[in-house]
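*Asks:* My structure is below; once you've seen it, I'll send some questions.
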Amino acid sequence: MRIVPGVLLLGAVIGMCSAEPGEGADVVTLTTENFDEEVKQYNGLVLVEFYAPWCGHCKTLAPEWAKAATALKGKVKIAAVDATKEADLGKMFDVSGYPTIIAFPYGKKEDEEGIIIETYNGGRDADGVIEYAAAALEKEGIDISTIDELVGQDSINACLTKKYCAVFTLPHVIDSGAEGRNKYIDTIKELVKTMGRSNPCAYAWVESGSQPAFESAFSSSSYPGMTLINADRTRYVNHIGSFNVNSLSKTIRSLQTGRIGASKYTKFPTFEKTESWDGKDYSYPEEEDEY
């Protein structure tokens, strides 16, 4: 077996949980029987947790592992092994404590020396797992970052779970066209890379005019624009300047370091449920002929 050193044994408390280890709609359960198919024959990145059902630290990891599996579904395989039942798999990888996370890299999983595993040096929560996976795939030239469109209350709630939530208000597709909108989204993706995955900021976009309560509450009237929100302190700032990575990143860092003043809001507006953008140019409805 060829091992790239540093398999991480998670021995610290990760957080309160109620889910059981190995659970999660998108967590793949590994056994001796399906290991070859699910891991060795799979071309993508696989992260595997070895756990014991009675392990307290495994129980605290469980909901975070499940969240990461859902967030990375279709991009990275998140799996779990009950090492008390699948003892042979545990022995194969010298698992001696629980939970242990092992990463099987993107691409081939074996060479002349055996199965290839890599160092897992990621965090101990869902965000940490996602950040590790994104960084690992980035080395392979694969970008899994997505900038979510805000189409309802659930989507803005997800953004507000981070310390800072950057909402980008983009022009209506009538005005920018699909090509123009995608250029704005590409700018946001570059901004995310520039700020770094460890930065406590989430990023999302909304089409101008689709959430009037939001635009009114935060005085958002510049398109494209950015409203940076600190929900814990009920503070926000609107970006003033060019819509480019350098200018946007300065605004974010300035608020985070207290170098610019922020306005206060009293109540966060409710987001209406809207349809997601289909990625296309605006299609004007056909006019009926009048006779």
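*Asks:* Starting from residues that are more than 18 Å from A204 (Cβ to Cβ) and not in a loop (DSSP other than H, G, I, E, B), keep the ones in region 242-260 and report whichever is most open to solvent (accessible area, probe 1.4 Å).
*Replies:* K250
*Asks:* What are the residues in region 75-124 that are modelled with pLDDT under 90 and acidic (D, E), if any?
*Replies:* Once the filter is applied, which keeps residues that are modelled with pLDDT under 90 and acidic (D, E), region 75-124 yields E110, D111, E112, E113, E118.
*Asks:* So, one more: When the residues of region 222-241 are filtered to those that are open to solvent by less than 50 Å² (accessible area, probe 1.4 Å) and out of contact with any Leu (no Cβ under 9 Å at 6 or more places or on another chain), which remaining residue is farthest from K183 (Cα to Cα)?
*Replies:* The extreme case among them is T234.
*Asks:* In region 45-71, which residues are in contact with a Leu (Cβ under 8 Å, 6 or more places away or on another chain) and open to solvent by 30 Å² or more (accessible area, probe 1.4 Å)?
*Replies:* Once the filter is applied, which keeps residues that are in contact with a Leu (Cβ under 8 Å, 6 or more places away or on another chain) and open to solvent by 30 Å² or more (accessible area, probe 1.4 Å), region 45-71 yields only H57.
*Asks:* From the list E64, E33, E49, E38, pick out the single residue that is part of a loop (DSSP other than H, G, I, E, B) and among the charged types (D, E, K, R).
*Replies:* Criteria check complete, one pass: E33.
*Asks:* Quick check on Y42: is it surrounded by fewer than 20 Cβ atoms within 10 Å (Cβ to Cβ), within 17 Å of A133 (Cβ to Cβ) and among the aromatic types (F, W, Y)?
*Replies:* Spelling it out, Y42 is indeed surrounded by fewer than 20 Cβ atoms within 10 Å (Cβ to Cβ), within 17 Å of A133 (Cβ to Cβ) and among the aromatic types (F, W, Y).
*Asks:* Please go through region 253-278 and give me each residue that is touching a Phe, Trp or Tyr at 6+ places or on another chain (Cβ under 7 Å) and aliphatic (A, V, I, L, M), ordered by number.
*Replies:* Within region 253-278, just A262 meets the criteria.
*Asks:* Residue check: is D127 at pLDDT 90 or above and either over 13 Å from E49 (Cβ atoms) or in contact with a Pro (Cβ under 9 Å, 6 or more places away or on another chain) (or both)?
*Replies:* It is false that D127 is at pLDDT 90 or above and either over 13 Å from E49 (Cβ atoms) or in contact with a Pro (Cβ under 9 Å, 6 or more places away or on another chain) (or both).
*Asks:* Please verify whether region 220-234 includes one or more residues that are in a loop (DSSP other than H, G, I, E, B), among the hydrophobic types (A, V, I, L, M, F, W, C) and under 24 Å from the mean Cα position of the chain (by Cα).
*Replies:* No, region 220-234 contains no residue that is in a loop (DSSP other than H, G, I, E, B), among the hydrophobic types (A, V, I, L, M, F, W, C) and under 24 Å from the mean Cα position of the chain (by Cα).
*Asks:* Look through region 189-201, keep the residues that are open to solvent by 20 Å² or more (accessible area, probe 1.4 Å) and not in a helix (DSSP H, G or I), and return whichever of them is farthest from Y282 (Cα to Cα).
*Replies:* S198
*Asks:* Tell me, please, whether a residue that is under 20 Å from the mean Cα position of the chain (by Cα), modelled with pLDDT under 90 and open to solvent by less than 50 Å² (accessible area, probe 1.4 Å) can be found in region 202-215.
*Replies:* yes
The values are calculated or read from the model by the stated rules, or taken from the named source; none is laboratory data. Nothing here was measured: the structure is a model prediction, and the numbers come from that model. Here the Cβ is made from the backbone with ideal geometry for all residues, glycine too, and neighbour counts use every protein chain on show. Accessible surface is based on the protein model in full, side chains and every heavy atom, while ligands, DNA and RNA are left aside. Shrake-Rupley method; radii C 1.70, N 1.55, O 1.52, S 1.80 Å.
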